[in-house]
Amino acid sequence: MKGGMASFVAWCAVVMVVALVAAEAQETAAGANCNPMELAPCLGAIMGTDNPSPECCQKLKEQVPCFCNYLKDPRAGQIIDSPNAKKIAAVCGLQRPSC
């Protein structure tokens, strides 16, 4: 599989996981709209080596009250615990919540 096609397939897989999590995590935590689809601006940084955009960091900060709910889901938890997600959180000045 060529590099571009592999990247596209990987991106589609992440979108599908996020969509599945979004369908299960529509709860509101501390007034936040817990919707993992709001984190779409972070997909490029999660899938690659780029630093997160300012929009990604802003969306992450808006979703902080939801992280414990996301971590309870095995699919979302794997993404949140990935090395790239940890790097993004550090660049955005966020710490992993203690749930």
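Assorted remarks:
- The listed residues ILE88, ILE79, once ranked by accessible area (1.4 Å probe) with the largest placed first, stand as ILE79, ILE88.
- Where GLU38, GLU62 fall by accessible area, highest first, once all protein chains stay in place (1.4 Å): GLU62, GLU38
The values are calculated or read from the model by the stated rules, or taken from the named source; none is laboratory data. Given the structure is predicted, the values throughout are model-derived calculations rather than measurements. Just the protein is used for accessible areas: all its heavy atoms, side chains included, with ligands, DNA and RNA removed. Shrake-Rupley method; radii C 1.70, N 1.55, O 1.52, S 1.80 Å.
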